[in-house]
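Beneath this line is the structure, given in structure tokens, with notes to follow.
The values are calculated or read from the model by the stated rules, or taken from the named source; none is laboratory data. Here the structure is a predicted model, which is why all the values come from computation and not from measurement. Every residue, glycine among them, receives a Cβ derived from its backbone with ideal geometry; neighbour counts consider all protein chains shown. Each accessible area value is taken on the protein alone, full model and side chains, heavy atoms only, with ligands, DNA and RNA left out. Shrake-Rupley method; radii C 1.70, N 1.55, O 1.52, S 1.80 Å.
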Amino acid sequence: MTAENESPETDHANAGSPIAANRIQRQLKRILTSPAFRATEAQKGFLEFVVKKTLSGNSEEIKGYTVATRVFGRREDFDQATDPIVSIQANKLRRALEHYYLTAGEKDAVRIGIPKGSYVPTFSEHVGNRLPTAHRESAHDIVRLGGAWPAVVIRPFQNLTGDPDLDYIAIGLTTELATEITRFQDIRVLIQGPDDRGRREVDIGARLAIDGSIRKDPTRIKVAIQLIDLATQTQVWADTNESEFRADRVIAFQEEVARVIAAKMCAEFGVIARALSIESKNTPPSDLKTYEAILRYYAFGANFSKATFFKALEALKLAVAKEPEKGIVWSMLARLYATNYGLELYDADTPLDEAVAFAQKGVRLDHANQRVRAIMSYVLLLKNDLSRGLAEAERAISLNPNSLIMMAELGYLLTLLGDRKRGPALIRKAIENNPYYYVIVHHALWVDWIRRGDDEKAYAETLHFRTPLLFWDPLIKAATLGLLGRIQEGKKAGEDLLTLKPDFSTRGRVLIKHHIKFEDIFSRTIEGLNKVGLSMEK
């Protein structure tokens, strides 16, 4: 693999900087030695390498291949298409820089950034204490796109403990929450600093605002959150998080709270998506913005009805035509195609090969997006390419290992792809912390209990699946009731299955194998169905 074969991310050049090189070098040293710069030694080496190359006038040498071989020790036959080490580490480096400039480096005069779409650093002057650079750019993007992606402004959290020495906890919560929401990439994040007080949030492109406060008693600390719709000045949602107060766990506490809040607000079935879905429900497809097209998929995923499927299909096809450079839109279209292929829901031309092509395009355009990687993993599951599917799931996890937004879905994929220990554990952790998780993941937990031979717990899992328009709902009930010897109840579930899938006797085995890839689980499923009178052609 030579340096000529690069992904689009490596092709940009630095536009140059009016800032003196010695000031940039001092800023680099300040970042690298700061405890607030949460980067590994390899990521620090990455930053130092690209800054020095740029300052020496050799930014054209900054390629994925060069970084991989010179910084990360890859061999000369390194292939970026199969080993995304550089793009993954670049994404983590961007987050570490963002965290630094939101905390210790908030007032630094020189800003060093690694813009998305490039490994070549940029250098800019920071004036005052307004929105950090990355967030000012996000605000500009919101205005330029005419609101194509929703934006939320996080206002400074209030310290209501009465102890000014605890201001750092409120500041840290603001930073962690901004970082966690930004990682999901659906919601644009702005931070309101002290100098922004009094400005109208709508003037900087925000539709929603997050207010927060901390309170404390002698042993516990409590965080309260409100989500405000700035268009109507009404409270959309509120929540609290409470924990034992320990000085040695403040950072861990801030991270845990931020992950939980971000998941509740930003997950597919979270507060923001549900609120905005209602608003755009009656918008004609041709008038939908890109994010609203994705909301149409969420509406389909909530009930799997025919009407929502075709609305999502039309909206996403129009969206990829409007914004063909957006990887997430191609990936969501791939997900819709793959879902219809794997479940044989509706009479639409959604072949798996096209789903694969769309998913691959999504990865090429947005390879550091956790959800894009997860969708690629799901498509590969249906394609029976389990080793590559598992690798994609692992790549997705590596992009944000503790994200509660994606944790349940990634656990679902790991379980169906054969990781029988970590997959169910991730699902259960997500369910425990995020009430807006995707109920489909109970199918994977059912698979795990069937594999273990614990049919009572498998049946309990079927009661949480709650997708009455999907044939899998009565299928797993019928199979489990058959294994439990509850034949009459199982036959009733079998009748419901045949109502949803009249051709199940001929297509059943194929449909089951789309999502159950291992013979021990498949055999037990067939055994349970046979016991309640559901026989299928081989």
Worksheet entry | Dipole axis of region 403-462 (+1 Lys, Arg; -1 Asp, Glu on Cβ), positive-most option in Tyr437, Gly418, Ile405 | Gly418
Worksheet item: Which one of Pro150, Gly105, Leu318 is farthest out on the positive end of the charge dipole of the chain, using unit charges on Cβ (Lys, Arg +1; Asp, Glu -1) and the Cα centre as origin?
Response: Gly105
Worksheet item: If one computes the Cα centroid of region 224-243 and of region 353-370, what distance in Å separates the two points?
Response: 35 Å
Worksheet, complete the sentence: Length-normalised contact order of region 316-371, Cα under 8 Å, at least 6 apart, in percent, tallies to 42 percent
Worksheet item: Assigning unit charges at the beta carbon (Lys, Arg +1; Asp, Glu -1) and nothing else, what dipole magnitude in debye, to the nearest 20, does the chain show about its Cα centre?
Response: 340 debye
Fill in: In degrees, nearest ten, helix 422-433 long axis to first principal axis of the chain (Cα)
70 degrees
Worksheet item: Once phi is turned into θ = phi - 60°, what whole-Hz ³J(HN,Hα) does the Karplus curve with 6.51, -1.76 and 1.60 give for every residue of region 335-341, x standing for Gly and Pro?
Response: 5, 5, 4, 5, 4, 5, 5
Worksheet entry | Size of charge dipole - region 422-538 - debye, nearest 20, with Cβ of Lys, Arg +1 and Asp, Glu -1, no other charges | 200 debye
Worksheet entry | Å² of accessible area per residue within region 166-324, as computed with a 1.4 Å probe and no ligands counted | 42 Å²
Practice prompt. Would you please give the residues with an amide H less than 5 Å from that of Leu190, counting only those at least 5 places away or on a separate chain, with H modeled from the backbone geometry?
Written response: Val152, Val153, Ile154
Item to complete: Over the chain, with every protein chain in place, what whole percent of the accessible area is carbon and sulfur at 1.4 Å, could you tell me?
Response: 51 percent
Fill in: region 304-426, relative contact order in percent, only Cα pairs under 8 angstrom and at least six apart counted
18 percent
Item to complete: Taking the chain as the reference, fit the longest principal axis to its C-alpha atoms, fit the long axis of helix 167-184 to the helix C-alpha atoms, and give the angle between the two in degrees, 0 to 90, nearest 10.
Response: 50 degrees
Fill in: Contour excess over end-to-end distance, with Cα ends at Glu344 and Lys107 and 0.36 nm allotted per residue
79.7 nm
Discussion item. How charged is the neighbourhood of Thr82? Take every other residue with its Cβ under 12 Å from the Cβ of Thr82, and add Lys/Arg as +1 and Asp/Glu as -1.
Written reply: -1
Response to the item:
So, over other residues within a Cβ distance under 13 Å of Arg466, counting Lys, Arg +1 and Asp, Glu -1, the net charge is -1
Worksheet item: For the pair Arg452 and Asp77, how long in nm is the line joining their label points, each one 7 Å along Cα→Cβ?
Response: 4.3 nm
Discussion item. Using DSSP to call loops (not H, G, I, E or B), can you name the trypsin sites (Lys or Arg not before Pro) in region 430-525 whose Cβ has at most 12 other Cβ atoms within 10 angstrom?
Written reply: Arg466
Worksheet item: What distance in nm separates the simple spin-label points at Asp520 and Ala21, each placed 7 Å from Cα in the Cβ direction?
Response: 6.3 nm
Discussion item. At 1.4 Å probe size, put Thr234, Thr103, Thr33 in order of accessible surface, largest to smallest.
Written reply: Thr33, Thr234, Thr103
Worksheet item: Hey, which of these cross-link pairs are over 18 Å Cα-Cα: Lys264/Lys421; Lys289/Lys317; Lys477/Lys501; Lys29/Lys116?
Response: Lys264/Lys421; Lys29/Lys116
Worksheet item: What relative contact order, as a whole-number percentage, does the chain give when Cα pairs under 8 Å and 6 or more residues apart are counted?
Response: 9 percent
Worksheet item: Once the other residues with Cβ under 11 Å from the Cβ of Tyr341 are scored (Lys, Arg +1; Asp, Glu -1), what is the net sum?
Response: -2
Response to the item:
Between Gly418 and residues 5 or more places away or on another chain, the pairs with built amide H atoms under 5 Å apart involve none
Worksheet item: Pairing the Cα long axis of helix 85-102 with the longest principal axis of the chain, what angle in degrees results, from 0 to 90 and rounded to the nearest 10?
Response: 60 degrees
Worksheet item: How large is ³J(HN,Hα) for each residue in region 344-360, as worked out from phi by the Karplus curve 6.51 cos²θ - 1.76 cosθ + 1.60 (θ = phi - 60°), to whole Hz, x for Gly and Pro?
Response: 6, 7, 9, 6, 9, 7, 10, x, 5, 4, 5, 4, 4, 4, 5, 5, 5
Worksheet, complete the sentence: Output for region 418-447: trypsin sites (Lys or Arg not before Pro) sitting in coil per DSSP, at most 12 other Cβ within 10 Å, listed by number, reads Lys421
